[in-house]
Amino acid sequence: MIWSKYSVPQAFYPLAGRLIPWFAAVAVILMVVGLYMGFFVAPTDFQQGESYRIIFVHVPAAWMSMFLYVVMAVWAGVGMGLNARLSFMMAQAIAPTGAMFTFLALLTGAMWGKPTWGAWWVWDARLTSELILLFQYAGVMLLRTSIDDVRRADRSSAVFALVGVVNVPIIYYSVQWWNTLHQGASVSMATGSKMAATMLMAMLIMTIAFWMYSIAVILARVRCVMLERESLPTWDEKPAAMPEAVEAR
Amino acid sequence: MSHSSMWEAVTGIVRRDLLLAMRRWSDAAMSVFFLVIVVSLFPLGVGPEPAVLRTIAPGVLWVAALLTCLLSLARVFTPDYLDGVLEQMVLVPQPLSLLVLGKVLAHWVISGLPVVLLSPLLGLQFGLEGETLGVLVLSLLLGTPTLSMIGAIGAALVLGVRGSGLLVALLVLPLYVPVLIFGAGAVTSSMAGIGGEANLSLLGACLVLSLFLAPWATAAALRIALE
């Protein structure tokens with residue numbers, strides 16, 4: 001099987017259509033399992049009580065927000081390097097989902113901060129860098145929409161995404177760099193986890209669920225992007241009936 | 001290509017941009033007055049309490065420097081873009097990133113250096129003194145070139161785009177955050193008596209990183225804009 005043939009939008013469109021239901025189904029199942037484990041199985045935290053349970057949404061969302069930015073930058077870089085249309089379309093499709101997770105991480109962080117720290121918002125390093133990440137997602141999307149020429153929009157927002165990727169390690173290391181309120185990471189590769197096994201399990205399941213959700217949504221969005229961009233009759237005689245015509249191939 | 005011809009290209013660009021700025025000196029004067037006015041607004045808004053002013057001084061001075069740099073970004077490439085000089089710059093045999101470096105250097109001399117030179121005076125307005133004033137000047141001296149380097153990327157990306165004035169702020173200000181933190185942090189820690197060396201080193205690191213990466217990214221953005 002030659003995978004490179006799917007780098008052409010015409011070939012990728014039906015493939016994405018076939019994959020979406022699978023990823024969506026896995027996402028729903030894992031989310032149900034993960035939330036059940038997080039809210040009913042995992043033990044109550046001896047310091048934070050029940051309010052800590054928001055981390056089962058908060059931590060995976062924060063991970064995804066950073067991870068998706070890197071993925072978006074990688075697609076942008078691939079697009080710049082290989083001059084591939086599909087890569088730019090993927091970068092375009094990832095941005096809104098990444099921004100959504102960034103917002104979700106900030107929102108759940110505020111909901112957790114109120115009972116735990118006594119404040120909705122503190123100017124802590126990680127909160128602040130997450131906010132800046134949201135600004136960067138906004139910048140990528142606004143730059144794209146401000147430029148009418150699709151080719152320039154693609155490449156300009158790709159350059160900006162790549163420049164902004166410098167910020168992602170700063171977000172990650174900010175905890176060490178600045179002396180802050182935010183608790184240090186509870187999960188780390190070097191020292192292992194300090195959490196109960198069920199908590200960790202629930203969090204990892206939620207993370208995978210968010211991954212699957214992201215893939216499903218991004219594939220669905222990239223299909224919309226393709227239809228939007230190629231709605232002129234460039235690779236099909238009947239633009240109005242394109243989805244069916246493409247899928248029949 | 002010989003090194004001397006590259007060097008000549010850079011110095012030529014710097015000389016030309018400085019000459020143009022001297023002929024239109026009101027542009028540079030506007031930046032300076034903007035800085036002074038913005039900084040003077042804060043005591044009026046916050047109140048004349050010396051202790052409060054001293055606390056907010058590093059942040060206020062640094063944010064004002066950031067905004068001054070931001071407002072002058074449109075002048076880096078737009079005039080050359082409009083009269084076609086930029087297209088000639090892309091065509092010359094010298095690497096575009098090198099020419100960009102020359103333009104950014106000129107921009108810093110016009111809009112960044114005045115900020116550095118004025119900062120002790122503005123610091124005195126806020127009750128900073130002694131070694132802290134020195135750290136303030138040093139932090140701005142290390143930080144403002146980085147602001148110009150990063151800003152040039154944004155200026156190149158929004159070249160000829162509608163609503164570019166606001167858009168460039170949205171793009172560039174988030175990228176300025178580390179410089180702001182380290183710059184204001186250096187002054188604050190100097191005031192606290194622990195010395196600003198760590199933050200100044202980080203500012204230097206930011207400068208080196210931006211010197212290395214920004215001209216390259218700016219040149220890429222310019223090529224995209226001129227396609």
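The values are calculated or read from the model by the stated rules, or taken from the named source; none is laboratory data. Note that this is a predicted model, so its numbers are computed, not measured. All Cβ positions, even for glycine, are placed from backbone atoms using ideal geometry, and neighbour counts span all protein chains on display.
Of note:
- B:Ser210 passes every criterion in (1) within 12 Å of chain A (Cβ to nearest Cβ); (2) within 15 Å of B:Cys69 (Cα to Cα); (3) among the small types (Gly, Ala, Ser) apart from (2).
- Filtering segment A:146-163 to residues that are without any contact (Cβ under 8 Å) to a residue 40 or more places away in the chain and either more than 9 Å from chain B (Cβ to nearest Cβ) or assigned to a loop (DSSP other than H, G, I, E, B) (or both) leaves A:Ile147, A:Asp148, A:Asp149, A:Ala153.
- Near pairs, Cβ below 9 angstrom, 6+ apart or cross-chain, from segment B:154-174 (facing another protein chain (nearest Cβ under 7 Å)) to any residue that is of a type in the set (D, E, K, R): B:Val161/A:Asp148; B:Val161/A:Arg152; B:Arg162/A:Asp148
- Pairing each residue of segment A:5-16 that is over 20 Å from A:Leu82 (Cα atoms) and without any contact (Cβ under 8 Å) to a residue 60 or more places away in the chain with any residue that is of a type in the set (Ser, Thr, Tyr) and in a helix (DSSP H, G or I), provided the two are 6+ apart or on different chains, yields C-beta distances under 7 Å for A:Leu15/A:Tyr6.
- Taken across segment A:16-39, residues that are part of a loop (DSSP other than H, G, I, E, B) and surrounded by fewer than 17 Cβ atoms within 10 Å (Cβ to Cβ) do not occur at all.
- Some residue of segment A:85-102 being within 13 Å of chain B (Cβ to nearest Cβ) and in contact with an Asp or Glu (Cβ under 7 Å, 6 or more places away or on another chain): yes
- Flag if A:Gly98 is modelled with pLDDT under 90 and over 23 Å from B:Ala217 (Cα atoms): no
- For B:Phe33, the conditions (1) of a type in the set (Phe, Trp, Tyr); (2) under 18 Å from the mean Cα position of the chain (by Cα); (3) surrounded by 15 or more Cβ atoms within 10 Å (Cβ to Cβ) all hold with the exception of (3).
- Of everything in segment B:186-205 that is within 13 Å of chain A (Cβ to nearest Cβ) and surrounded by fewer than 22 Cβ atoms within 10 Å (Cβ to Cβ), the residue that is nearest to A:Ser157 (Cα to Cα) is B:Ala205.
- Yes/no for A:Leu133 being of a type in the set (A, V, I, L, M), under 18 Å from the mean Cα position of the chain (by Cα) and crowded, with 23+ Cβ neighbours inside 10 Å: yes
- Single residue of A:Val41, A:Val78 found to be without any contact (Cβ under 8 Å) to a residue 60 or more places away in the chain and touching a Ser or Thr at 6+ places or on another chain (Cβ under 8 Å): A:Val78
- Only one entry of A:Ala138, A:Ala110 meets the criterion of being surrounded by fewer than 19 Cβ atoms within 10 Å (Cβ to Cβ), assigned to a helix (DSSP H, G or I) and within 14 Å of chain B (Cβ to nearest Cβ), and that entry is A:Ala138.
- Hits in segment B:175-185 - residues which are at the interface with chain A (Cβ under 10 Å from one of its Cβ atoms) and among the small types (Gly, Ala, Ser): B:Gly185
- Scanning segment B:182-227 for residues being closer than 18 Å to B:Leu101 by Cα and among the small types (Gly, Ala, Ser) gives a total of 9.
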